[in-house]
1. Could you pull out every one of the lysines with an alpha carbon less than 16 Å from that of Lys23, ignoring same-chain neighbours closer than 8 positions?
2. Using the structure shown, list the pairs from Lys129/Lys239; Lys201/Lys239; Lys19/Lys215; Lys159/Lys239 with a Cα-Cα distance above 22 Å, or answer none.
3. Set the Förster radius R0 to 22 Å, insert the Cβ-Cβ distance between Asp42 and Ala16 as r into 1/(1 + (r/R0)^6), and round the FRET efficiency to 0.05.
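Quick note: the coordinates plus some simple rules give every number you see, no bench work behind them. Note that this is a predicted model, so its numbers are computed, not measured. Please note: Cβ atoms are built from the backbone with ideal geometry, for glycine as well, and neighbour counts cover all protein chains shown.
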Amino acid sequence: MSSGITELEVLDNFRANLKSIMKAQNMSEAELSVRAGFAQEDAISDILYGGTLPNMATPVRLADALGVPVDVLLRDRADHLQQQFEALPVQEVDRQAARLLSAVFKATERSLDRMGDRPTLDAIISWWKETDGDLSQSDQIAPHFDLVSAAEALTSVPKIHHVGAQGLAATTLGSAESSRLETFLETLSTSDLAELNGQIKSVAHSGVGMITPLKRIVPFPETNEAVEVSFVRLMLPVKDASGTLFVLNYSTLLSESTPRRQDG
């Protein structure tokens, strides 16, 4: 899918939007850097004045820190202001955001042959675009993602078809067993489960991926401890050799608290 927008234009839009939102929120570069969890003091300066597009995780982290949707940081401001404001179908909003994000993906794609121990968001998206989401060609990355489908009832636990042994869920929970992930999902509120199932259904039916920054408290009943995990979740529609549709769930860690004792 081609949007006709160049990488340089996306970078210019991204910087202009970021500066405008920072000014509106009276937020300094140093404060935003801390909120977004960057270790380098000049991280925001490099983003605003550097010569290349940031990697995919950066717009997501900044949007989360600023409390705005990712597409607000990436949209064409001039075109947006010229358009008449009208309600758009959710799927069309997703498609427009996907077109803008694709330029960022393209600038930061890495070859799967050069992937390290854990793939980046960009590498997973690159694989998906190159293979059209064909699971028969996923042997190299399968240990890093989970496969799910929505439950029939929105407030029920989604169906778990595969848990990657090296994925964030398995490494955080200490097990690649589907039952362990299901047990954790049962701790989510009904609203969280409804949102999760809704996102899975939207990705499966629209054919458009979804990226969401999240925070979760992961309980460990065996030790009465919990860990607060901040991560970015990527969902992509994929199919197996028989054409059965699943949603690939890949998450990358942004931060993790030290385990803490739960009350009670």
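1. Partners found: none.
2. Details: Lys129/Lys239 13 Å; Lys201/Lys239 14 Å; Lys19/Lys215 26 Å; Lys159/Lys239 15 Å.
From the list (Lys129/Lys239; Lys201/Lys239; Lys19/Lys215; Lys159/Lys239), the Cα-Cα distance tops 22 Å for Lys19/Lys215.
3. 0.65
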